[in-house]
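The values are calculated or read from the model by the stated rules, or taken from the named source; none is laboratory data. Everything numeric in this text was worked out from a predicted model, so none of it was measured. Cβ placement follows ideal geometry from the backbone for every residue including glycine, while neighbour counts extend to all protein chains displayed. The area values use the complete protein model at the heavy-atom level, side chains included, leaving out ligands, DNA and RNA. Shrake-Rupley method; radii C 1.70, N 1.55, O 1.52, S 1.80 Å.
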Amino acid sequence: MLDFNQCLSEISKIKTKSYCLIIGGHGTNFARSPKVWNKILKKNRVNCKMMPLEVKKNNLKQLLRYLNKDTKFLGGAVAVPYKEKIYNYLGKNVDELTKKIGSVNCIYKDKTLKGINTDGIGFYETLKKNIINKRFKKVLLLGYGGTGKSALVFLRKYFSKKTKIYFATRKNFSKEIKKLGCHWIKWNKKEDLLGSFNMIVNSTSIGFGKMENKTSCDLPKKNNIKIVYDIIYNPKKTLLLKNAKKLNIRGINGLDMNFFQAQFAIRKVFKKKFKS
């Protein structure tokens with residue numbers, strides 16, 4: 001984790017005309033976004049590079065103030081655990097849909113630093129790509145962090161009004177998500193209900209990086225589950241997806257979502273569509 005001066009030192013090593021960053025905590029150095037962004041930028045001959053910065057929490061605001069003034073900085077991505085913190089820092093400088101989600105995964109320059117959430121758009125595109133049945137009776141979302149909030153908004157947008165959408169967290173968010181027409185269940189009660197859902201979406205970080213030998217839940221042998229969607233993409237096959245495969249349940253990981261959200265974010269930062 002880097003303090004402010006260490007961040008400046010890393011930024012100074014970038015030799016391109018302009019630069020983008022993915023800002024986050026532990027694990028950001030292993031994020032896929034820089035590979036996706038840099039591949040697209042190189043293909044389109046843009047003299048710009050994206051790099052990751054694992055920033056200490058206490059230095060986050062100082063870094064953002066610096067980036068707002070640095071004309072070489074164009075924007076970039078926001079990783080956990082700073083999606084909500086940077087959203088709060090930006091205040092009114094976010095669009096209406098992002099206000100509904102309450103977190104950002106992309107920052108860009110438009111006279112001043114602004115933010116948007118493309119996680120939900122990327123998630124929504126994968127639902128369409130995989131032709132997920134819009135008339136599932138019950139869908140469960142695990143976790144309600146920055147990515148989970150955007151996923152919940154777009155789950156409600158994608159599925160039929162008759163589809164009941166639930167989410168499970170340790171903290172009670174029932175009042176907050178009631179406005180979205182969704183339902184909250186206690187985290188320790190989810191195992192008793194898993195078999196009744198047609199689709200399960202994991203938006204927690206369990207299964208990512210050093211936590212790859214853990215899974216967010218075990219799946220019951222007798223169930224109505226048709227789809228298990230793990231937003232995690234590292235590893236490609238989490239234990240949750242492996243468990244689903246053993247039960248002949250279709251599994252989807254977060255690779256396509258990551259690619260789609262990056263496409264939308266790059267378009268926002270550079271204000272034009274690039275070849276991918």
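Annotations
- Every pair of residues 6+ apart whose Cβ atoms lie under 6 Å, when the first sits in the stretch 155-178 and is in contact (Cβ under 8 Å) with a residue 24 or more places away in the chain while the second is among the β-branched types (V, I, T) and surrounded by fewer than 20 Cβ atoms within 10 Å (Cβ to Cβ): Y166/I185; A168/I185
- Options K236, K245, K222: the member that is of a type in the set (K, R), outside any loop (DSSP other than H, G, I, E, B) and surrounded by fewer than 19 Cβ atoms within 10 Å (Cβ to Cβ): K245
- Cβ pairs under 8 Å, 6+ apart, first in the stretch 259-276 and farther than 14 Å from K114 by Cβ, second in a helix (DSSP H, G or I) and open to solvent by 80 Å² or more (accessible area, probe 1.4 Å): K273/R267; F274/K43; F274/R267; K275/K43; S276/K43
- Options S18, S33; residue that is of a type in the set (G, A, S), closer than 21 Å to K271 by Cβ, open to solvent by less than 70 Å² (accessible area, probe 1.4 Å) and out of contact with any Phe, Trp or Tyr (no Cβ under 9 Å at 6 or more places or on another chain): S33
- The numbered conditions (1) crowded, with 17+ Cβ neighbours inside 10 Å; (2) under 17 Å from G145 (Cα atoms) are all true for K99 except (1).
- Taken over the stretch 107-120, the criterion of being open to solvent by 30 Å² or more (accessible area, probe 1.4 Å) and either among the basic types (K, R) or within 16 Å of I232 (Cα to Cα) (or both) is satisfied by K109, K111, K114.
- Residue within the stretch 167-177 that is open to solvent by less than 50 Å² (accessible area, probe 1.4 Å) and modelled with pLDDT of 95 or more present: no
- Search result, residues across the stretch 16-38 that are more than 19 Å from the chain's Cα centre (by Cα), more than 13 Å from G76 (Cα to Cα) and touching a residue at least 40 places away in the same chain (Cβ under 8 Å): K17
Listed here are the residues, each with its yes/no results for (1) of a type in the set (D, E, K, R); (2) closer than 29 Å to H26 by Cα; (3) open to solvent by less than 30 Å² (accessible area, probe 1.4 Å).
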| residue | (1), (2), (3) |
| --- | --- |
| K137 | yes, no, no |
| A151 | no, yes, yes |
| K190 | yes, yes, yes |
| F197 | no, no, yes |
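- Residue check for V153: under 16 Å from the mean Cα position of the chain (by Cα), closer than 21 Å to C7 by Cα and of a type in the set (V, I, T): no
- Subset of the stretch 41-83 (residues that are open to solvent by 40 Å² or more (accessible area, probe 1.4 Å) and under 13 Å from Q6 (Cβ atoms)): K56, N58, Q62, Y66
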